[in-house]
Amino acid sequence: MTMKPGVQRARTTSQTALLAAIALAATSSGVLALAPGQSGVQVTFHISGASDTAYAAALDSNGSVTLAGSAGSGGSGALARITAAGAIDTLFGTTMDGIIKYNLSAALNDNERAMVRTSDGHFAACGIYFSGATTATDFLTVLFKSDGTLEDAFNGGFAVTPYLTSGSGAALFDQCNAVGAQSDGKIVSAGYTSGAGSNRVMVTRHTTAGALDGTFAGGGKIAIDASLNAGAESFAQAMIILDNDKILLAGYAGGTLNHAQFLLMRLNADGSPDSGFGSNGIVRTPIGGVADFANAIALQPDGHIILGGSAIAADGRADFALARYDSSGTLDTTTFNSPQGFVMTPIGPGEDIVYAVNVMPWGRIVAGGSARISTSAIGTDIALAAYNANGTLDKYFGNSGKVMAQLTMAADEVIQALVTDVAHQHFWAIGAGVPSSDRDFMVLEFGLADTIFRNGFELPAP
């Protein structure tokens, strides 16, 4: 029997600094505000009774937040929604529990790993579709209406795209990790394929009718070798569609000695490489020098590009890692943690990984992901770090710029997405937690990264 979703007040850390006290008083609604980085409302959605994870979220025009992800260890798709106030949206779904489950693959399972809200109020999502005929995975691109139902005009609601339609099982694995909508409504999806030899970046574009777009590079689907050497691997993990419909991709690719490096790519609107960006559209950046993985991308108000992920520190552990680039793809070694252009931040005593990056309208950067409070603990705990625009830690956020906490019963928590709702005074972290006996969709509220100074007044960076 499926349990009802739960809403509870998460444990918080007392804020004693004068600045935090001022922040607590700064509220437009008369309700006690959260200090920057302080945790508030926690919402969990018990969907399958097994292993549920929300990978993506999108803010609606009315302030509600829609989540998308995987339900169950096999991975059927699921959507969930909270209102602008952080309550379960009982008008969403068919059983008044704020949840819609989908099993689009009749043979096996499917799930959504990325989602964006389109200009007309739809939700474009992408993920994985398991094919029973080949036991392989294909790109899944889905278009949902604003109420979470499938948009039938888009090929019945979803499109399945394999890079190869036949071959050995090892060459038939495709996974979509990122999605975006261009100004004409066409949907771009990106991830990786094993069908081109070593894993390579794969990008597709579908028309508003859900068909592969023949005017896009490769006839609608392309595989890109973004690595330095032949035979190395490259993956796309995140995407932004720019105002001119060019496509920014973030991920990782083999660099020197085939070690993974941060990957940043820019494609023209038609999928061809943008020769004015990096080297024929490709930029690779070594951070720690051994295994550097970019999982998230964001734009600052001045057009600079932020990548977030992880890099291996000198002690052999993975740390939070951020890098900043100008609009041409050049690493910003002048103003972002000069002279490096990137920053590594240890959070806990174990592996620290960024899965989401969010830039506030006033320029501050928040990265979210996972860490471990104790090396003796199993699993992961939620982790956040906030940075000034120049890459220094924002000392007014959490504990000198960092937040690490175990908010549910078991250490199996992760932040996969971040959503800023300045109009309703909310900053949401989305991912997974274990409030009872299994992992569920989880939404956490945190104090805005810069409650006091967001209207333009701000102290010099420390």
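The values are calculated or read from the model by the stated rules, or taken from the named source; none is laboratory data. Model, not experiment: these values are computed from the prediction. FYI the Cβ positions are ideal-geometry reconstructions off the backbone, even for glycines, and counts take in every protein chain you see. SASA here: full protein model, heavy atoms, side chains in, ligands and nucleic acids out. Shrake-Rupley method; radii C 1.70, N 1.55, O 1.52, S 1.80 Å.
Oblate is the label for the range 192-265, because the ratio a/c of its alpha-carbon gyration tensor axes (a ≥ b ≥ c) is 1.5 or higher and a/b is not greater than b/c. In a simple Cβ point-charge model (Lys, Arg +1; Asp, Glu -1; nothing else charged), the range 143-289 has a dipole of about 320 debye relative to its Cα centre.
A simple spin-label model places pseudo-atoms 7 Å from Cα toward Cβ; at N280 and S328 they are separated by 2.0 nm. If R0 is 51 Å, the Cβ-Cβ spacing of D147 and I378 corresponds to a FRET efficiency of close to 0.85. In this structure the chain gives 37 Å² per residue of accessible area when probed at 1.4 Å with all protein chains present. Between H424 and S183, the modelled labels are 3.0 nm apart [label points 7 Å from Cα along Cα→Cβ]. For the range 176-306, the calculated P(r) over all alpha carbon pairs, in 5 Å bins from 0 to the bin holding the longest distance, is 2, 12, 21, 25, 20, 12, 6, 2, 0 percent. Expressed as a whole percentage, what fraction of the accessible surface of the range 218-338 belongs to carbon and sulfur atoms when a 1.4 Å probe is rolled over the protein heavy atoms? Taking all protein chains in place, the range 218-338 shows 49 percent carbon and sulfur surface. Remark: the Cα gyration tensor places the range 123-206 in the prolate category, a/c being 1.5 or greater and a/b exceeding b/c. In deg cm²/dmol and to the nearest 500, what is the mean residue ellipticity at 222 nm of the chain if only DSSP H runs of at least 4 residues count, each as -39500 (n - 2.57), divided by the residue total? When only DSSP H runs of four or more count, the value is -500 deg cm²/dmol. Here is the size of the range 231-341 from its Cα atoms: Rg then Dmax, 13.3, 43 Å.
Given an 8 Å cut-off on Cα distances and at least 6 residues of separation, report the relative contact order of the chain as a percent. After rounding, I find 12 percent. The mean of 1/r over all distinct Cα pairs in the chain, once inverted, gives the Kirkwood hydrodynamic radius of 22.1 Å. Here's the list of aspartates and glutamates a cross-link from K221 could span, going by alpha-carbon distance under 14 Å and ignoring same-chain residues fewer than 8 apart: D138, D174, D213, D270.
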